[in-house]
Amino acid sequence: MATIIIVDDSEAIRTHLRQVLEAAGHKVIEAEDGTQGLAKILELKTPDLVISDYNMPGLDGVAMLTKVKEALGSGKFPIFMLTTETGEQLKAAGKAVGVNAWISKPFVPEKIVAGVEKILSMKKA
């Protein structure tokens, strides 16, 4: 069982994603915006995975992850960006702060679970 932090301002997305990930056997911690996500990540220090939206009030996903990188360093845990944004500049900014995968909304539950399992198995190796 992995501990996964979901950071998204949409309660519906968080709920759906939590249900999908818990059904796959994972522990899920939710945060409703970038500021709360930052606090929860820094509190836990080493979640197994972070799944974050980009567009959120307060800190957006990249700004939140920049602060995480400043506080904890990079490469501590994998990060998925789950968003409607697809711009190449934004993807490059995400990659610079450690984003491993860019997933478009709406998401396909089976693909999320497959991606989570793949990245977690790589982390263990």
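Every read-out reported here was derived from the displayed coordinates using simple, explicitly stated rules and does not represent laboratory data. Please read all numbers here as calculations on a predicted model, not as lab measurements. Cβ sites come from the backbone with ideal geometry, for glycine too, and all protein chains shown count toward neighbours.
Data overview
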| read-out | value |
| --- | --- |
| Among the residues listed as 87, 25, 61, the single one being within 16 Å of residue 98 (Cβ to Cβ) and either among the small types (Gly, Ala, Ser) or out of contact with any helix residue (DSSP H, G or I) (no Cβ under 8 Å at 6 or more places or on another chain) (or both) | 61 |
| Counted residues, segment 13-30 - those being among the hydrophobic types (A, V, I, L, M, F, W, C) and over 21 Å from residue 104 (Cβ atoms) | 2 |
| Segment 85-125: number of residues that are touching a strand residue (DSSP E or B) at 6+ places or on another chain (Cβ under 7 Å), without any contact (Cβ under 8 Å) to a residue 60 or more places away in the chain and in a loop (DSSP other than H, G, I, E, B) | 4 |
| Residues located in segment 81-100, provided they are within 16 Å of residue 51 (Cβ to Cβ), surrounded by 13 or more Cβ atoms within 10 Å (Cβ to Cβ) and not charged (D, E, K, R) | 81, 82, 83, 94, 97, 98, 99, 100 |
